[in-house]
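Undergrad: Quick one: this structure, given as structure tokens, is what I'll be asking you about.
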Amino acid sequence: MALEEIKEFDSELHDAMKQELSRQRKSIELIPSENFASARVLAASGSVLTNKYSEGYPGKRYYGGNEFIDKVERLAIERAKALFGVPHANVQPYSGSPANFAIYFSICNPGDTIMGQNLTDGGHLTHGWKTSMSGQIFKSVPYHVTQAGYIDIEEARSLAEANRPRLIWIGASAYPRALPFKEFSEIADSVGAYLVADISHIAGLVVAGMHESPAKYVHIIMTTTQKTMRGPRGAIIMATKKGLEKDPELADKIDKTVFPGMQGGPHDHTTAAMAIAFKEAMSQEFKDYAKQMLLNSKALAEAMKKRGFKLVTDGTDNHMVLVDLTNYGKGFGVFAQDALDSIGITVNKNTIPKDPSSPFYPSGIRMGTPAVTTRGMKEAQMSEIAELISMCISEVKDSKLPENKDERQEYLKSFKKSLEENKALENLREKVMALCERFPLYPGLEY
Ligand SMILES: *Cc1c(COP(=O)(O)O)cnc(C)c1O
């Protein structure tokens, strides 16, 4: 239904939505935090559950008429607990960032010391970066990765001993290797800190057994549900058995911080979509998906290396590949992202360890396989994609970011213009479209 009605009522908006569906269909989506939710998840997200107010928790609401919403939320909670092997789950956080703030305010006071992986070393903004409120409300002591790109466990240990943080984060947005949960639990336990695993990126791998679970090592687990979990945009906060042993009131503190501490009414339509995504994640089909996502990531890494690209840590353990483009020049990630965009391959520019440039003009790109794997692509397509990337980047290899910051905008503008006029890129764009057509996305869906 619905889309027809939007079309008649608001053609301007309808056009934009139609174009977005077409963009998703006609491009190769390699941003590792993105995915394609199932039609079931989309249906629940766009359902009449959006109409309801249900502040509170199942059985304890501030509004009437919640008997069916209670059912929905209980399903989501029970499935989350079973999937992650934890005794407590709160499924109400609006997204990963507010969930992380709810965790801070459940166990920390303003001014407390916290530790997280530095943003430009692959960490997330909300783990204490200076432009996030998390870096302003708390005393942030970031840990880093080594020159080789691995989390510097020794540095984290000595920083923890010297600074005695209240909370330590383990989890990242741009880190291609397995997370050292066990090592971090030893560090956190030795200084009495809460250890929180933010598995937003790898949750789908964790539930499928393709990445070690943090459940027995950490006190709290947070994950978004829209990334490798392939669900709606939302997040869950879980207290582990270890967490409840450290603080028997932990579950209660988390619930009270989420509501009424930080949020009002939960997004019941999202909760329903989560319940579906969790049920999907329990299936053999999802396990196969996660396995293929990993095989694809390794195949993409090998195919890039074969074409002479340098990878951070020289490979991957998860769904993500970080390409170090410093040999093309400082800040080359910007050119790579724009050039790839112009042929319909979507990646994001990203800093690499000890980046000689800045987060806005970084020297690498981040790619991942969650979305292309959902489309049904396999190892052979990862080679095809690496070849397209390689040919595309060689078209723009001579672009150099001006040292003078005032000249950069102008240079980038003329760079973008040159992309439009490049016949070789046009040719690659057609190859990308042909590849996409072989792997239809949302067949039958019409906007
Ligand atoms: C994506 C992500 C988040 C934030 O999630 P949003 O839903 O975008 O707010 C938090 N932590 C990590 C590690 C992430 O990758």
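The values are calculated or read from the model by the stated rules, or taken from the named source; none is laboratory data. Remember, it's a predicted structure, so these values are computed and weren't measured experimentally. Please note: Cβ atoms are built from the backbone with ideal geometry, for glycine as well, and neighbour counts cover all protein chains shown.
Undergrad: Out of all the residues in segment 412-425, which are more than 16 Å from Ala336 (Cβ to Cβ), in a helix (DSSP H, G or I) and free of Cβ contacts under 8 Å to residues at least 60 places away in the same chain?
TA: Lys413, Ser414, Lys417, Lys423
Undergrad: May I ask you to list the residues in segment 268-289 that are among the β-branched types (Val, Ile, Thr) and within 8 Å of Gly231 (Cβ to Cβ)?
TA: Correct list: Ile276 only.
Undergrad: State all residues of segment 147-195 that are touching a strand residue (DSSP E or B) at 6+ places or on another chain (Cβ under 8 Å) and of a type in the set (Phe, Trp, Tyr); if no residue qualifies, say none.
TA: Answer for segment 147-195, where residues must be touching a strand residue (DSSP E or B) at 6+ places or on another chain (Cβ under 8 Å) and of a type in the set (Phe, Trp, Tyr): Trp169, Tyr175, Phe181, Phe184, Tyr194.
Undergrad: Could we say that Pro110 is within 14 Å of the ligand (Cβ to nearest atom) and either charged (D, E, K, R) or within 22 Å of Ile254 (Cα to Cα) (or both) here?
TA: Spelling it out, it is not the case that Pro110 is within 14 Å of the ligand (Cβ to nearest atom) and either charged (D, E, K, R) or within 22 Å of Ile254 (Cα to Cα) (or both).
Undergrad: Scanning for something modelled with pLDDT of 95 or more and surrounded by fewer than 22 Cβ atoms within 10 Å (Cβ to Cβ), does segment 315-323 turn up at least one residue?
TA: Yes, because at least one residue in segment 315-323 is modelled with pLDDT of 95 or more and surrounded by fewer than 22 Cβ atoms within 10 Å (Cβ to Cβ).
Undergrad: Follow-up. Which residue out of Leu49, Leu13 is touching a residue at least 12 places away in the same chain (Cβ under 8 Å) and either farther than 30 Å from Met382 by Cα or part of a loop (DSSP other than H, G, I, E, B) (or both)?
TA: Leu49
Undergrad: Within segment 56-69, does at least one residue satisfy the condition of being touching a Phe, Trp or Tyr at 6+ places or on another chain (Cβ under 6 Å) and surrounded by 15 or more Cβ atoms within 10 Å (Cβ to Cβ)?
TA: Yes; the residues of segment 56-69 include at least one that is touching a Phe, Trp or Tyr at 6+ places or on another chain (Cβ under 6 Å) and surrounded by 15 or more Cβ atoms within 10 Å (Cβ to Cβ).
Undergrad: Turning to a different aspect of this structure: Let me confirm something: among Ser97, Ser106, which residue is in contact (Cβ under 8 Å) with a residue 24 or more places away in the chain, buried (at least 20 other Cβ atoms within 10 Å of the Cβ), among the polar types (S, T, N, Q) and not in a loop (DSSP other than H, G, I, E, B)?
TA: Exactly one residue qualifies, and that residue is Ser106.
A quick yes/no check of all residues on (1) within 16 Å of the ligand (Cβ to nearest atom); (2) outside the structural domain of Pro176 (by TED's automatic domain parsing); (3) over 23 Å from Gly231 (Cβ atoms):
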{"position": "Leu3", "(1), (2), (3)": "no, yes, no"}
{"position": "Ile6", "(1), (2), (3)": "no, yes, yes"}
{"position": "Leu13", "(1), (2), (3)": "no, yes, yes"}
{"position": "Arg23", "(1), (2), (3)": "no, yes, no"}
{"position": "Glu29", "(1), (2), (3)": "yes, yes, no"}
{"position": "Ser38", "(1), (2), (3)": "no, yes, no"}
{"position": "Ser54", "(1), (2), (3)": "no, no, no"}
{"position": "Gly59", "(1), (2), (3)": "no, no, yes"}
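Undergrad: Considering only residues that are more than 30 Å from Lys349 (Cα to Cα) and surrounded by fewer than 24 Cβ atoms within 10 Å (Cβ to Cβ), which ones fall in segment 158-180?
TA: Selection gives Ser158, Ala160, Glu161, Ala162, Asn163, Arg164, Arg166.
Undergrad: Has segment 190-202 got at least one residue that is assigned to a strand (DSSP E or B), over 16 Å from Ile153 (Cα atoms), of a type in the set (D, E, K, R) and within 16 Å of the ligand (Cβ to nearest atom)?
TA: Yes, segment 190-202 contains a residue that is assigned to a strand (DSSP E or B), over 16 Å from Ile153 (Cα atoms), of a type in the set (D, E, K, R) and within 16 Å of the ligand (Cβ to nearest atom).
Undergrad: Give segment 54-94 a look and list any residue that's closer than 14 Å to Gly234 by Cβ and assigned to a loop (DSSP other than H, G, I, E, B), or say none.
TA: Residues satisfying the conditions are Val91, Gln92, Pro93, Tyr94.
Undergrad: Of everything in segment 397-437, what is among the basic types (Lys, Arg) and surrounded by fewer than 12 Cβ atoms within 10 Å (Cβ to Cβ)? Give them in sequence order.
TA: Within segment 397-437, Lys405, Lys413, Lys417, Lys423 qualify.
Undergrad: Return yes when Lys216 is more than 16 Å from the ligand (Cβ to nearest atom), assigned to a loop (DSSP other than H, G, I, E, B), in contact (Cβ under 8 Å) with a residue 12 or more places away in the chain and charged (D, E, K, R) and no when it is not.
TA: yes
Undergrad: Mind checking which residues of segment 249-268 are surrounded by fewer than 20 Cβ atoms within 10 Å (Cβ to Cβ) and farther than 22 Å from Asn51 by Cα?
TA: Glu249, Asp252, Lys253, Lys256, Gly261
Undergrad: Further, regarding this structure: Conditions: (1) at pLDDT 95 or above; (2) in a helix (DSSP H, G or I). Lys7 meets all but one. Number of the miss?
TA: (1)
Undergrad: Could you list, in sequence order, the residues of segment 113-138 that are within 16 Å of the ligand (Cβ to nearest atom) and in a helix (DSSP H, G or I)?
TA: Leu119, Thr120, Asp121, Leu125, Thr126, His127, Met133, Ser134, Gly135
Undergrad: Here is a further query. I need the full set of residues from segment 280-311 which are outside any helix (DSSP H, G or I) and within 18 Å of Phe36 (Cβ to Cβ), in order please.
TA: Ser283
Undergrad: Taking Ala251, is it touching a strand residue (DSSP E or B) at 6+ places or on another chain (Cβ under 9 Å) and either within 16 Å of the ligand (Cβ to nearest atom) or not assigned by TED's automatic domain parsing to the domain that holds Gly376 (or both)?
TA: It is true that Ala251 is touching a strand residue (DSSP E or B) at 6+ places or on another chain (Cβ under 9 Å) and either within 16 Å of the ligand (Cβ to nearest atom) or not assigned by TED's automatic domain parsing to the domain that holds Gly376 (or both).
Undergrad: Applying the selection to segment 158-182, what residues are in a helix (DSSP H, G or I), away from the ligand (no atom under 16 Å from the Cβ) and closer than 23 Å to Leu250 by Cα?
TA: Across segment 158-182, the qualifying residues are Ala160, Lys182.
Undergrad: Keeping to segment 82-104, report how many residues are more than 10 Å from the ligand (Cβ to nearest atom) and of a type outside the set (Phe, Trp, Tyr).
TA: 12
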